[in-house]
Amino acid sequence: MKQTLSLLLLICVCITNYSQDIYDTDLVSFGSKSFNNEEFKIVTLKRDNNRVRVKYFASEIGGKSVGERYNEWSKNKNIICYSSGAYMSDLSASQANLVGLTFDYGDVVNQHLILDRLHALVVVYPNGNIDIANLNEGTLTFSGSGSANTFDLTNSMQKQKFIDWAKDNKLTIFQTHLLAFNNEILLAKNSPPDERERRFLVVAEKNGKEVQFIIHKEQYSSLLRSTTAVFDYLKSKGYSVKSLINLDTGAQDVFKFFNYDGTENNKLVTKMNVNDARNLIVYYYQ
């Protein structure tokens, strides 16, 4: 009798461990949305208590590709989703380099700061926080580490202090287009009209709480139309858009979302897989 009870208890424990959710579904969700004849696939990431965190892989390091580094790091991690991130210098991802100022966990990948067009400076901290600064503002404050650090990156001495700070604090940094900031669309009305699928990372706020989104728009449209559609959708839901940036879907279209039980969600399938990624933004639960 005791052996039977012990066996049943062991089976129950095994089933419980096997079926354990990898994240809190109150904080993370994925779904398809419609608004004003526009269709979106949306990952919603609530940042309550810093359980949902960000990691960025900017480059091959030590002979290991981004995909190899991700596969090694992600073991025993509760991965929510990942996406290609910054722009590459060539449409052939295998031959391209990252565009703009780029650091990977304190290591310099590209020290060229672009001030005239890639106005989003994205800083990912070792603690899983993320800051998105507007380079047009000149003097920038970064607070994701828990303390405020301010730099004027148009000043060469201040830029060097920023670089030293990034190295010392193991920061990961990349640049991309800043499409909206402080609840205002920044993209010019005469922006390029070319149409393609789009993917965005959005930091928004509602009722005093920060929420982040990865929003994918499969319908081909211009960058301005897609940005406006996403911006208007979030405003209609009561969100204030703190920042909205573009994620690369050209040279390296990589994306994957994982269900709460750890299985792959195949409602959004992209052309390339994680082993093809040249840089990668990852959300995970801890």
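The values are calculated or read from the model by the stated rules, or taken from the named source; none is laboratory data. None of these values were measured; they are calculated from a predicted model. Glycine gets a Cβ as well: all are built from the backbone with ideal geometry, and neighbour counts include every protein chain shown. Ligands, DNA and RNA are excluded from the accessible area calculation, which covers all protein heavy atoms including side chains. Shrake-Rupley method; radii C 1.70, N 1.55, O 1.52, S 1.80 Å.
Just wondering, is there one or more residues in segment 97-107 that are hydrophobic (A, V, I, L, M, F, W, C), within 19 Å of Asn183 (Cα to Cα) and open to solvent by less than 40 Å² (accessible area, probe 1.4 Å)?
Scanning segment 97-107 turns up no residue that is hydrophobic (A, V, I, L, M, F, W, C), within 19 Å of Asn183 (Cα to Cα) and open to solvent by less than 40 Å² (accessible area, probe 1.4 Å).
Does segment 148-180 hold any residues that are more than 25 Å from Pro126 (Cβ to Cβ) and either in contact with a Leu (Cβ under 9 Å, 6 or more places away or on another chain) or among the small types (Gly, Ala, Ser) (or both), and which are they?
Listed by number, the residues that qualify are Thr154, Ser156, His177, Leu179, Ala180.
I'd like to verify a number: residues in segment 127-142 that are in a loop (DSSP other than H, G, I, E, B) and within 18 Å of the chain's Cα centre (by Cα), how many?
3
Given (1) at pLDDT 95 or above; (2) within 19 Å of Phe255 (Cα to Cα), where does Ile185 come up short, assuming only one miss?
Checking Ile185 against (1) at pLDDT 95 or above; (2) within 19 Å of Phe255 (Cα to Cα), the one that fails is (2).
Checking the structure you have, find out if any residue of segment 20-32 is of a type in the set (S, T, N, Q), crowded, with 20+ Cβ neighbours inside 10 Å and modelled with pLDDT of 90 or more.
Within segment 20-32 (the criterion being of a type in the set (S, T, N, Q), crowded, with 20+ Cβ neighbours inside 10 Å and modelled with pLDDT of 90 or more), the answer is no, since none of the residues qualifies.
Please specify each residue of segment 199-220 satisfying the condition of being more than 18 Å from Cys81 (Cα to Cα), in contact with a strand residue (DSSP E or B) (Cβ under 7 Å, 6 or more places away or on another chain) and either outside any strand (DSSP E or B) or open to solvent by less than 10 Å² (accessible area, probe 1.4 Å) (or both).
Of everything in segment 199-220, just one residue is more than 18 Å from Cys81 (Cα to Cα), in contact with a strand residue (DSSP E or B) (Cβ under 7 Å, 6 or more places away or on another chain) and either outside any strand (DSSP E or B) or open to solvent by less than 10 Å² (accessible area, probe 1.4 Å) (or both), namely Ala204.
I need the full set of residues from segment 60-70 which are touching a residue at least 40 places away in the same chain (Cβ under 8 Å) and over 12 Å from Asp276 (Cα atoms), in order please.
If the condition is that a residue be touching a residue at least 40 places away in the same chain (Cβ under 8 Å) and over 12 Å from Asp276 (Cα atoms), then Ile61 is the only one that fits.
Considering only segment 58-74, state which residues are modelled with pLDDT under 95 and more than 24 Å from Leu121 (Cα to Cα).
Listed by number, the residues that qualify are Gly62, Gly63, Lys64.
Take Asp152 and tell me if it is open to solvent by 60 Å² or more (accessible area, probe 1.4 Å), touching a residue at least 12 places away in the same chain (Cβ under 8 Å) and either out of contact with any Lys or Arg (no Cβ under 7 Å at 6 or more places or on another chain) or small (Gly, Ala, Ser) (or both).
no
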